[in-house]
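Participant: Here you go, one structure.
The values are calculated or read from the model by the stated rules, or taken from the named source; none is laboratory data. All figures in this text were calculated on a predicted structure; none of them were measured in a lab. So basically every Cβ, Gly included, is an ideal-geometry build from the backbone, and we count neighbours across all protein chains shown.
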There are 2 protein chains.
Amino acid sequence: MSRTSSQAPEASSDALPRQQRTYSIGELAKMFEVTPRTIRFYEQEGLLAPSRQGQKRIYREKDRVRLKLTLRGKRLGFSLAEIREVVMMYDAMPDGNARQLKRLLEILKEKRADLEQQLEDIRLMRMEIDDVDQRAREVLRHLDQED
Amino acid sequence: MSRTSSQAPEASSDALPRQQRTYSIGELAKMFEVTPRTIRFYEQEGLLAPSRQGQKRIYREKDRVRLKLTLRGKRLGFSLAEIREVVMMYDAMPDGNARQLKRLLEILKEKRADLEQQLEDIRLMRMEIDDVDQRAREVLRHLDQED
DNA sequence: CAAGCACTTTACGTTAACGTAAACCTCGTC
DNA sequence: GACGAGGTTTACGTTAACGTAAAGTGCTTG
């Protein structure tokens, strides 16, 4: 697992309201500590849809948020397909028909269940780590005393 | 599929204390809902080391616990390499030298940090899921009223 | 003894999620 | 006008974590 990624740093110099700012692919990449390749790949997988200015990709606030959510999902071990499933349905919501919406609710329920399972897993793993930690410190203590 | 209840094949199979029980690869596989292939693969990757009885693998309680821990780690998105790192150092602990032990403590610290990050990620993702859920239900409510 | 399991090894196949390389634009600037 | 720093597409390469298929071993059961 990768290191903890910080909260998105505030857009620096300009007094532009976030909603109007745009980002280049390189900016986003540095911001989230991923490569441009990764960002293009996510687009190819249907997770991002930046507009273009000539050939160049232009990312807006919405895209930045999506990328943030995507990376968070990844840290939690979700596949890109799973993430897309939620993200796309979220976008299709406003004009969604009832069946689509109910399907969405189901998916959300599943995801929530996954998260609960993870919480339990984390709890248990924490305990085990603490245990190993304790033992290791104890062995160390004995080694120190031997000298 | 159905378990034909024949006469008890092996005596005292139930009364065995867990510590003495052994498992076949198939038993473990069903127990954890993975394939035998997966278990063999984990062995090949140095995460399990069952003894043999002739050609067949014999799993003891220790192996079962290891498998459990491994699968939990996987659910949390850790790679097999990461899991092995901890598990193997744990085994090397009793006769470990100081440098090894300190390295282990560092690794544990990292893992703990990962878990904390995950807790935060889960918290945020929960909120977002709740939000999407809310919106979806609201849209549904309106659709129902239209009829 | 043939058949059926459960197990074994060997080895090639597959998928997700990118990495990496090549070859090409398009600026601003020295 | 050469150049370097960004960006672009296309396409092949790589790694982790298994899946899958083939061919063999050993037991027990009708």
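Participant: Would you be able to say whether some residue in the range A:27-39 is of a type in the set (Ser, Thr, Tyr), more than 29 Å from B:Arg137 (Cβ to Cβ) and in a helix (DSSP H, G or I)? Don't jump to the end; show me each part of the working.
Facilitator: Step one: list which residues in the range A:27-39 are of a type in the set (Ser, Thr, Tyr), which gives A:35, A:38.
Then drop every residue that is not more than 29 Å from B:Arg137 (Cβ to Cβ), which leaves A:35, A:38.
The next check asks that each one be in a helix (DSSP H, G or I); those that pass are A:38.
Taking every residue of the range A:27-39 in turn, at least one turns out to be of a type in the set (Ser, Thr, Tyr), more than 29 Å from B:Arg137 (Cβ to Cβ) and in a helix (DSSP H, G or I).
Participant: Taking the condition touching a residue at least 40 places away in the same chain (Cβ under 8 Å), within 16 Å of DNA strand D (Cβ to nearest atom) and within 11 Å of chain B (Cβ to nearest Cβ), does A:Arg64 pass?
Facilitator: Considered against the rule, which asks whether it is touching a residue at least 40 places away in the same chain (Cβ under 8 Å), within 16 Å of DNA strand D (Cβ to nearest atom) and within 11 Å of chain B (Cβ to nearest Cβ), A:Arg64 comes out as no.
Participant: Considering only residues that are among the aliphatic types (A, V, I, L, M) and either away from DNA strand D (no atom under 12 Å from the Cβ) or within 14 Å of chain B (Cβ to nearest Cβ) (or both), look in the range A:35-61 and name the one that is nearest to B:Leu124 (Cα to Cα).
Facilitator: A:Leu47
Participant: Here's a follow-up. Taking the range A:49-74 as the region of interest, how many residues are within 12 Å of DNA strand C (Cβ to nearest atom) and in a loop (DSSP other than H, G, I, E, B)?
Facilitator: Residues meeting the conditions: 2.
Participant: Name every residue in the range A:71-127 that is in contact with a Leu (Cβ under 9 Å, 6 or more places away or on another chain), aliphatic (A, V, I, L, M), over 16 Å from B:Leu76 (Cβ atoms) and away from DNA strand D (no atom under 16 Å from the Cβ), in order of residue number.
Facilitator: A:Ile83, A:Val86, A:Val87, A:Met88, A:Met89, A:Ala92, A:Met93, A:Ala98, A:Leu101, A:Leu105
Participant: Also, I was wondering about something else. Which residue, of A:Met93, A:Met125, A:Met89, is out of contact with any Pro (no Cβ under 8 Å at 6 or more places or on another chain), at pLDDT below 90 and part of a helix (DSSP H, G or I)? Before you say what the answer is, go through the steps one by one.
Facilitator: On the way: A:Met93 fails: part of a helix (DSSP H, G or I); A:Met125 fails: at pLDDT below 90.
After applying the criteria, what remains is A:Met89.
Participant: Out of B:Leu101, B:Leu140, B:Leu115, B:Leu124, I need the residue that is without any contact (Cβ under 8 Å) to a residue 24 or more places away in the chain and under 30 Å from A:Leu143 (Cβ atoms). Which one?
Facilitator: Sole residue among the options that is without any contact (Cβ under 8 Å) to a residue 24 or more places away in the chain and under 30 Å from A:Leu143 (Cβ atoms): B:Leu101.
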